[in-house]
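Structure first, then comments.
Values quoted throughout were computed directly from the atomic coordinates according to the rules given, and no laboratory measurement underlies them. Remember, predicted model here, so these are calculated numbers, not experimental data. Ideal geometry is used to build each Cβ from the backbone, glycine not excepted, and the neighbour counts take in all protein chains shown.
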Amino acid sequence: MRNAYAGRQEGYSVTSHRSDDRLPNLHGWRDTRPRHSPGYRVRHTARTVVASVLVAVLVLFATVASATALDLMHATTIVPVFGPRNGKAAEPIDPNAGKPISFLLLGQDTRDGSGNEALSGGTAADAGSHNADTTMVVQISADRSFINLVSIPRDSLVDVPSCQTPKGTIPAQYGVMFNSIFSTAWDQGDGLSSAANCTLNAVNALTGLDLQQFVVVDFQGLKDMIDAVGGVNVCVPVDTQDTYTELDLKKGLQHLDGMHATMYARMRHGTGTDGTDVMRTTRQQYLVKQLMSEALGKNLFTQTGQLYQLSKAALHSLSISEGLASIPTLTGLAVSLKNMNPTHFYAQTIPVIEAPSDPNRRVWAPGADAVWAKLRTNKPLTDATPTASSTASPTPQADQPSAPTGASQSPAPTPDPKTGLITQADGTLIDPNTGGTVNPADGSITDPNTGEYIGIADRYLNSTVCAVPAQK
C-alpha cells in the first residue's frame, strides 16, 4: 500500500491505497462523489434503546435483553422476534445471521461536561475541543466465529476526501493528522453527526471498506460502562505512574474500576510507555479483549437481569448511527456471540512508519493494505492466505531461499497452547496472529519490518507475566 500523503510528496496530485483508482474528491474505490453513510443522522433518542452499545462494542454486543425493551423505550412498544422454542428457552433471532457486521468505533476526546473534564487530564484551554482520541474498525464475521479489530493511530498523516455536511462541503485536505478529520468536521459541519460521518467517509476512502455505521463514546461513557460490568482485570507489566492522568498502578494483576481503566486506556506519558499514540492503541486493544473475557466470564450475553442493570447504568452515554438502533438487531447479535471463543478476537494496529516530513508523525506502511484486504474479504486477521485484492501492495519481505527439489521441509511450528506464541530456536517469541515479535517483559508486539508497536500478546501477558488462569 502507498500512503496518500507519501504519494503527494512524490508529486502525485491524489493517491489512495491503490494507485490505479480514479479518485474524484479523494474517495477512490467505488465512490464517484461525496457521500454520507445511511446513518448520517445521529439518533440521540435511540440511546435508551441501545444504552449498552458501548459494552456492545467493548464486550461485543452484550446488550439489552428483549425483556427490558418496554422499560428502556419508555412505553414505545417494540416486539422482538424470537426463534422456535423446541423445548428450550426462546432466544432472539439474529436478523443479520449469515452476514458480517462492521462499524467504526470512535472514542471522543472532549472536555464537555464535568465527568469528561475530570477524566481528561487537560486544562481550561482544552474546553470545547472535540477530537477523535481513538478510532477502531470492528468487524464481526458472518458466522460469528471471530472478530477483527484494527486501530488507526490518530497521528498518522493522510489525505482526506471532501465531505458534505448540512452546512456545506468541507474541501479535501492533504497530509493532515487522522484525528483532525473529526474535529474539523465538528467545527465546520453540524457537530457530532458531521464529525462521525466525515471520519467514516475518509476511512472508507482510505481502506476500500464500505462501513455504514458508527458508535461514538466519550470518557464519561467509557467509565460508566466499565463500572457497569463491575470493572476489568488488567495485567500491568511494570509499576506505572502518569502525572498527566494521575494514574498510579503497581506491577501485577489489577482490577480497575471505570475511572482507572479509562486512564489506563488514555495514558501515553507515564512509565511503561514510550510517549506515542501507536503504543497507546495497543493498550486500548488489550482493554477491549479483557472486557470481552469479563463479559463471557459473567455470562453477560445471556443474563437478562445483569444486562438490564448494565443498560440502565449506561443511559445517555452514547451516540450511535441510526442503523444500529434496533433492539432485534442487537439482542439477536448478543445471543449469537454467547459461545464465541475469546481467543478468536483478533486485534492489531495498522502498520505505520515514520513520516518523511516529521519524525513525530506516522504514515501507513506498505503492509497496511494487506490488513485492510482481509477485512474487505471478511477474513480473520490471522489468515495468511494471500488474496487477489491484497496483491496490489504487498508487504516487502526478505528473499527466502527455496528448498531443493525433493528435500523434506520442517513442519510449521506450533504455538504454545497457554501463551499462543511461537518460540524460535534463539528464544525469540513470535505472535502467529500478526507475525510480530513479542517483548517477553511486557508482552508488547512490534512489527518485524518497521519496529512499530502493533499489539499486545494478551494470553502471554495474562498467563506468564501476571499468571492469570486461562479462561475455559
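Summary of values
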item	result
Efficiency of FRET between Thr302 and Thr423 - r from beta-carbon atoms, R0 30 angstrom, step 0.05	0.20
Under 5 Å, built H, 5+ apart or other chain: amide partners of Thr349	Ser151, Gly455
Using a Förster distance of 25 Å, the FRET efficiency for Lys250-Asn439 (Cβ separation, nearest 0.05)	0.80
Summed side-chain charge close to Leu461 - residues other than Leu461 whose Cβ falls under 13 Å, Lys, Arg +1, Asp, Glu -1	+2
Net lengthening on full extension, Glu322/Glu354 (0.36 nm per residue, minus Cα-Cα)	7.8 nm
Asn339-Asp383 pseudo-label distance in nm [points 7 Å out on the Cα-to-Cβ vector]	2.2
10 Å-binned pair-distance histogram of the stretch 422-465 (Cα, whole percent)	32, 60, 8
3J(HN,Hα) from dihedral phi, the stretch 446-457, Karplus parametrisation 6.51/-1.76/1.60, rounded to Hz, x for glycine, proline	10, 5, x, 8, 10, x, 7, 5, 10, x, 10, 7
